[in-house]
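Asks: I am attaching a structure below and will ask some questions about it afterwards.
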Amino acid sequence: MEEIKKIIGSKPLVSIVVPGYNEEAIVAQNLTRICDYMAGFDEDYNWELIFVNDGSLDKTGALADEVARTNSNVRVIHHIVNLNLGNALKTGFANAKGEYTITMDLDLSYCTDHLGSILKTLVSTKADVVIASPYMKGGKSTAVPVVRLYLSKWVNRFMRFAAQEKFHTYTCMVRGYRTEFLKSLNLKTTNYEINPEILYKSMILRGRIIEIPAHLDWTEQIKLGEKRTSGMHVLKTVFSGLMAGFIFRPYIFFLAIGGILLFVSLYIIGWIFFHTFQIMPTIQIDQVYFDDRFSKALGYVFQQRPHSFFVGGITLLAAIQVLSLGFISLQNKRYFEESFHISTSVYNKIKPSSE
C-alpha cells in the first residue's frame, strides 16, 4: 500500500464494479470486506463501490441495499431481470465515475489484496488494462475443483493460441482499467464472452495491457457448498470461452481445417497417380501415345478403387471452400479492425464537445 501512496500524488477516484446474481449467502459479508480494505486507502483515494444486482431472485438486492445505507461509498444498481454477466458489467462501466475502474468477483476467490496490486500496476505502468492471472509465472490456484481448473486452463490456452497478443488468462473478470479507455471500447457482448471481447478490442486499439500474477483461492467457496446457489456453470463457461476464441483470429481455424482437408485430398490424389503410373507399363494396347496409355491405366485404377476418386474429389472441393472462407474471414477481420479503430478515434474526438 505504501508503494502505491508514493506513486500517487493526488486523490483520484477509483470505481470498483462488482456484479452479482443470487448471492445472498455472501453479498453483505464480501461487500463489507471490500469496503474495509479500501478504507485503508482513504487518505490517498476517493473510491466508490458499484454493486450491480443482476435480477437476483433471492435477498441479494435487499442485503446489498442495507450495506449501501451504512456506507456512503457503496452504490447498488438493480436489474429488474437477469441480463447476464456482460450486461451487468456494462451497467457498472456506464455508471463508473472514477479515473480507474476495477472489476472484482463477489465471491472474492481473488482476495481484496488484488485491488491494491491492480491499482499499483495501473498507476505505475500507465497501463490501459491490467489482468490478474493465476496461470502465469508467479500465479497460483488453491482448492479449485480439478475439472473446473483443468477446463479453465485449456480454454485460456486455446485463446492464447488464437490471440495476436499472448497472455495466460483471457477469461478472468478480475481486472483493472483506465476508465476513459474502457468506455471507448463500445462493448456488445451480453454474457461471459465480454472479458475476451474487452481484450480483443483493446488489442485493436493498441492498448497497453499488463498481466500480473494472482492467487485464485476456492477455499471459501468449498466451505459454502450448497449455500451459494449462483456461480458459473462450467460447461457454459467453457463453451463461451471456445466461441470467444474465434473473435481473435477466426481465419486460422478455417485455414487449419482447410489445410488438413487439402493434405488428405492431395495424399489420395497422389496415391491415384502413383498407381496409375505404376500400371501404365503393363497396359497392352495398340496406341502408343501417352494419353491413351494413361487414360487406360487411370480407368483400371478407378475400377479397383472408385471410392478413392470420390473421397479425393470431395475433400479437394471441401478444402478449396474452407480455405476460401479463411481468406474471406481474414479480409473481413481487417476491415472490421480498421473500421473499429477509425470509429473509436472519431468518437473520442467528438465526445468532449458533446458532453
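The values are calculated or read from the model by the stated rules, or taken from the named source; none is laboratory data. Computed from a predicted model, the values in this text were never measured in an experiment. A quick note on method: Cβ atoms are made from the backbone with ideal geometry, for glycine too, and the neighbour counts reach across all protein chains shown.
Asks: Please tell me if Val174 is farther than 24 Å from Phe93 by Cβ and β-branched (Val, Ile, Thr).
Replies: Here the answer is no, as Val174 does not meet what is asked.
Asks: Taking the options Val52, Val81, name whichever one is assigned by TED's automatic domain parsing to the domain that holds Ile210, more than 19 Å from Pro196 (Cβ to Cβ) and either surrounded by fewer than 18 Cβ atoms within 10 Å (Cβ to Cβ) or in contact with a Leu (Cβ under 6 Å, 6 or more places away or on another chain) (or both).
Replies: Checking each option against the conditions leaves just Val81.
Asks: Something else: Identify all residues within the stretch 135-152 that are part of a helix (DSSP H, G or I) and of a type outside the set (A, V, I, L, M, F, W, C); write none if there are none.
Replies: Listed by number, the residues that qualify are Arg148, Tyr150, Ser152.
Asks: Out of all the residues in the stretch 112-134, is one or more within 28 Å of Val155 (Cα to Cα), in the same structural domain as Ile222 (by TED's automatic domain parsing), out of contact with any strand residue (DSSP E or B) (no Cβ under 9 Å at 6 or more places or on another chain) and outside any helix (DSSP H, G or I)?
Replies: Looking through the stretch 112-134, at least one residue is within 28 Å of Val155 (Cα to Cα), in the same structural domain as Ile222 (by TED's automatic domain parsing), out of contact with any strand residue (DSSP E or B) (no Cβ under 9 Å at 6 or more places or on another chain) and outside any helix (DSSP H, G or I).
Asks: Of the residues that make up the stretch 161-179, is at least one closer than 16 Å to Arg206 by Cα and of a type in the set (Val, Ile, Thr)?
Replies: Yes, some residue in the stretch 161-179 is closer than 16 Å to Arg206 by Cα and of a type in the set (Val, Ile, Thr).
Asks: Identify all residues within the stretch 55-78 that are aliphatic (A, V, I, L, M), in contact with a Leu (Cβ under 8 Å, 6 or more places away or on another chain) and over 14 Å from Ser15 (Cβ atoms); write none if there are none.
Replies: Residues satisfying the conditions are Ala64, Val67.
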